[in-house]
Each structure stands twice: as C-alpha cells, then as structure tokens.
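This report refers to the structure that appears directly beneath it.
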Amino acid sequence: IQSKLILDCILIITSVVPPELPMELTMAVNSSLAALSKFYVYCTEPFRIPFAGRIDVCCFDKTGTLTGEDLVFEGLAGISEDGENIRHLYSAAEAPESTILVIGAAHALVKLDDGDVVGDPMEKATLKAIGWAVEKKNTTFREGTGKLNVIRRFQFSSALKRSASIASHDDTLFAAVKGAPETIRERLSNIPKNYDDIYKSFTRSGSRVLALASKQLPKLSQPKIEELTRDEVESDLIFNGFLIFHCPLKEDAIETIKMLNESSHRSVMITGDNPLTAVHVAKEVGIVFGETLILDRAGKSDDGQLLFRDVEETITIPFDPSKDTFDHSQLFDRYDIAVTGYALSALDGHSQLRDLLRQAWVYARVSPSQKE
C-alpha cells in the first residue's frame with residue numbers, strides 16, 4: 001500500500017509538470033542568447049540566464065566598468081610651497097626633480113622580452129606624461145634626469161592603500177612612496193598647508209588623486225636593504241605632490257544606468273576609490289541624484305566612531321552604531337547615502353547595518369574582500 005501511494009504521488013507530480021517544460025526552458029535560454037548577441041552581449045554560462053529574471057539590484061565597479069580603463073594624466077598639484085591656489089595644476093615640465101624621481105621609482109611596470117611594457121594603466125600614463133621610459137632589469141630612463149635603478153619594491157597593499165620602492169640615482173639611495181592621500185598623510189614628518197583642501201578639491205570634481213612622498217636613505221649594502229621593514233621605509237616621509245587623473249565615463253554608462261532605473265532595478269556602485277570621487281561619478285551616471293551624505297570615520301583615529309558628512313563637509317551628523325534608537329528614516333528620505341569600507345567594518349555585527357545596506361547607493365574605499 002505504501003509503495004502504491006508513493007507511485008501515485010509521483011504520477012501526480014509528473015502530470016502537473018508538463019513534459020515539454022525542459023525543452024521550452026532550453027528554447028527560452030537560446031532565444032535569450034540570440035537576443036543578447038544582437039547587442040554584442042555574450043554569455044559563457046547560459047544556465048544563469050533564468051536566474052537573471054530575479055535580479056533587482058545591480059552592483060557596478062567604477063574603474064574599467066563605469067569609467068574607462070585608461071586614465072588621463074591631468075597634472076601635478078600641491079608642489080607649490082605657498083599652497084595658496086589649491087586648484088592649480090602643474091605640468092611635467094614644472095615638476096621639481098624630487099617629484100620626478102619619485103614618479104620614476106614608485107611603480108611596478110615590467111618590460112617584457114618583446115619590448116611591451118605591462119602593468120597598471122595609470123602608472124603607464126604617469127611615466128609617459130613625465131617622460132620616463134621603462135627599461136629592463138628594473139631601470140627607468142629619462143632625458144635630462146638619467147637612469148634610475150629600482151632595488152626593492154613593496155607592492156601595493158589594499159589594506160595599507162599604498163606602495164613603495166627603494167631606488168638609487170646618481171649614487172643616492174631613496175625611498176619613493178605612492179598611495180591614497182589620507183594614507184600618505186599619516187606617514188609624513190610634516191603635513192603641508194592645505195594638504196586636505198588640495199586633494200579634496202580634485203576628488204570632489206571626480207578626479208583620481210594619488211599622493212607622492214619620499215625620503216633619503218643612507219648608503220646601504222644589498223643585504224641591509226633587504227633587512228629594512230616596510231614600516232621603516234614608509235615612515236618620516238617628505239611630501240612630493242599629488243598626481244591628478246581624469247576618469248572619463250564609458251560611452252554607454254549613462255544610458256545603461258538609465259535603462260536599469262527605468263526598469264525598476266536598483267543600481268549601486270562599489271569601488272576602492274575615494275568616496276568623494278565615487279559620489280561625483282555616481283551623480284554623472286545617474287546612480288544618485290540628490291545631496292549625498294558619506295558615512296565614514298569621525299576623525300583620523302581608528303576608534304570606531306562614525307560620522308555622516310556631505311561632500312562639502314558643511315553638514316556633519318554623528319552616528320553611533322551601538323544605539324538602536326538612531327532615527328534614520330528622515331535622513332534616508334532626504335539624502336542619498338554613501339558608505340566607506342571603514343564604516344562597513346565598524347558596523348559589522350550591528351543591527352543598523354541591514355538598514356544602511358538597503359539605503360546606500362555608493363560604497364567607496366572598500367577592500368577586495370569587502371567587494372566579495
């Protein structure tokens with residue numbers, strides 16, 4: 001009796017599910033592939049197409065996805081001692097030799113046997129604009145400056161947000177460091193006037209900004225150089241200016257986001273770039289429209305304190321994640337929200353995090369692990 005009951009149940013199920021369903025589903029997937037190919041969209045895993053109908057949130061990276069891969073070098077900023085004109089850009093010809101040497105050393109480009117130079121497109125654009133040519137055996141050459149030899153490299157770390165090199169030029173040994181402005185700021189022996197104002201003025205307008213710094217090292221043998229720790233190399237630095245890059249949007253970025261908005265999909269940006277730059281690009285493509293508040297650390301220390309501030313830093317609203325009584329409804333109704341990777345880490349395990357994830361449109365300065 002029990003086996004007959006099981007058999008009857010199976011017969012009922014098979015009669016409810018049409019035998020043509022697998023074939024119809026396959027035909028629907030093939031039709032979708034054909035329709036997508038007309039728009040030059042190709043799918044390597046067709047079995048995922050049926051799941052795409054359930055998507056209501058689309059997350060985009062910034063560099064290489066919404067903006068082009070090739071950044072445009074605009075110039076140098078912050079190399080003037082008076083610091084009066086914070087928006088002034090200097091050309092490569094106006095750069096002091098110390099800045100030129102840092103640019104020639106602080107890179108990870110490699111020249112292959114066939115002559116091709118491979119590495120970060122941003123570093124390629126920088127060295128080309130300044131006039132450095134990458135040669136073999138970790139050397140670079142510039143007319144008028146001569147040859148520079150990179151002895152040791154500390155590769156870029158997403159956790160530290162900087163990279164460093166030890167190089168020699170004319171029997172002089174020095175350390176060259178490049179990274180996020182807020183990170184380099186903490187490693188300087190003397191912070192220049194208007195340091196924050198200069199780099200923030202460019203990031204607010206959507207530019208990509210990197211800070212340069214260096215310090216002279218005593219003459220050391222190769223074994224002694226290998227013994228140096230990263231912290232020793234990247235401490236007590238002298239500021240050498242900001243690199244300013246323009247991030248042009250891809251031709252179809254605005255139209256793509258517009259189509260997703262019209263189809264009731266929620267578009268979100270997730271990037272490792274500066275939050276001010278990210279918010280500017282998000283406004284350009286149509287991810288955010290109104291005034292935006294950025295949730296980030298309250299000060300310079302890592303004490304877990306958070307603060308909402310607008311792009312111009314004229315509005316500041318303290319935020320305590322430990323208090324569930326924070327009334328965020330009016331805040332979310334009035335402002336678009338951007339969240340930094342630091343804030344995400346500080347909010348981990350707090351009940352406020354779920355509400356923020358539903359309301360945030362931009363995630364900036366996030367690590368690769370946070371992107372996952």
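Computed over every Cα-Cα pair of segment 20-68 and binned at 5 Å starting from 0, the pair-distance distribution P(r) comes out as 4, 17, 19, 23, 18, 10, 4, 3, 1, 0 percent.
Taking label points 7 Å from Cα along the Cα-to-Cβ direction, Phe289 and Arg87 give a separation of 2.8 nm.
Each 5 Å bin from zero holds the following percent of Cα-Cα pairs in segment 95-155: 4, 18, 34, 28, 13, 2, 1.
Express in % the proportion of alpha carbon pairs of segment 202-342 at distances exceeding 18 Å. Could you put the intermediate results ahead of the total?
Details: 6799 of 9870 pairs.
Tail of P(r) above 18 Å: 69 percent of Cα pairs.
Averaging Cα coordinates gives a centre for segment 317-367 and one for segment 120-181; these two points are 38 Å apart. Which loop-located trypsin sites (Lys or Arg not before Pro) does segment 42-124 contain, where loop means any DSSP state but H, G, I, E or B and the Cβ has at most 11 other Cβ atoms within 10 Å? Counting only loop positions with at most 11 other Cβ atoms within 10 Å, the trypsin sites (Lys or Arg not before Pro) in segment 42-124 are Arg54, Arg87.
Can you work out the FRET efficiency for the pair Ser158 and Leu357, with r the C-beta to C-beta distance and R0 = 25 Å, to the nearest 0.05? About 0.70, to the nearest 0.05.
Where does segment 72-246 land on Rg/Rh, using Cα atoms and the Kirkwood Rh?
0.94
Could you check how many percent of all C-alpha pairs in segment 277-372 are farther apart than 24 Å?
Working: 671 of 4560 pairs.
That fraction is 15 percent.
Residue exposure proxy: Ser264, Ser165, Ser351, Ser98, ordered by other Cβ atoms within 10 angstrom of their Cβ from fewest to most, comes out as Ser264, Ser351, Ser98, Ser165. Pairs over the 30 Å Cα-Cα cut-off, from the set Lys147/Lys224; Lys62/Lys200; Lys193/Lys215; Lys128/Lys258; Lys137/Lys224: Lys128/Lys258. In this Cβ point-charge picture (+1 for Lys and Arg, -1 for Asp and Glu), segment 192-242 has a dipole of about 280 debye about its Cα centre.
Using the eigenvalues of the Cα gyration tensor, what equivalent ellipsoid semi-axes result for segment 1-145 when each is taken as the square root of five times the eigenvalue, whole Å, largest first?
Ellipsoid semi-axes (Å, largest first): 62, 19, 15.
Kindly state, to the nearest 0.05, the FRET efficiency for Glu372 paired with Ile151, given R0 = 35 Å and r defined as their beta-carbon distance. Efficiency, rounded to the nearest 0.05: 0.50.
Say R0 is 56 Å: what FRET efficiency, to the nearest 0.05, do Ile315 and Asp114 get from their beta-carbon distance? According to the calculation, E is roughly 0.55. Taken about its Cα centre, the chain carries a charge dipole of about 520 debye when Lys and Arg each add +1 at the Cβ and Asp and Glu each add -1 at the Cβ.
The distance between label points at Glu94 and Val16 comes to 7.5 nm (points 7 Å beyond Cα on the Cα→Cβ vector).
Rounded to the nearest 20 debye, the dipole magnitude of segment 1-108 is 900 debye, with +1 charges on Lys and Arg beta carbons, -1 on Asp and Glu beta carbons, and the Cα centre as origin.
How large is the Rg to Rh ratio of the chain when both quantities use alpha carbon positions and Rh follows Kirkwood? The partial results should precede the final answer.
Working: Rg = 26.0 Å, Rh = 23.9 Å.
For the chain, the value is 1.09.
Across segment 63-175, counting alpha-carbon atoms alone, Rg and Dmax equal 14.9, 47 Å. Of the residues Thr44, Ala159, Gly299, the one whose Cα sits farthest towards the positive end of the charge dipole of the chain is Thr44 (charges of +1 on Lys and Arg Cβ, -1 on Asp and Glu Cβ, taken about the Cα centre).
None of the figures in this text is laboratory data; all of them are computed from the coordinates on show. Since we're looking at a predicted model, the values are computed, not measured. Note that each Cβ is placed from the backbone with ideal geometry, even for glycine, and that neighbours are counted across all protein chains shown.
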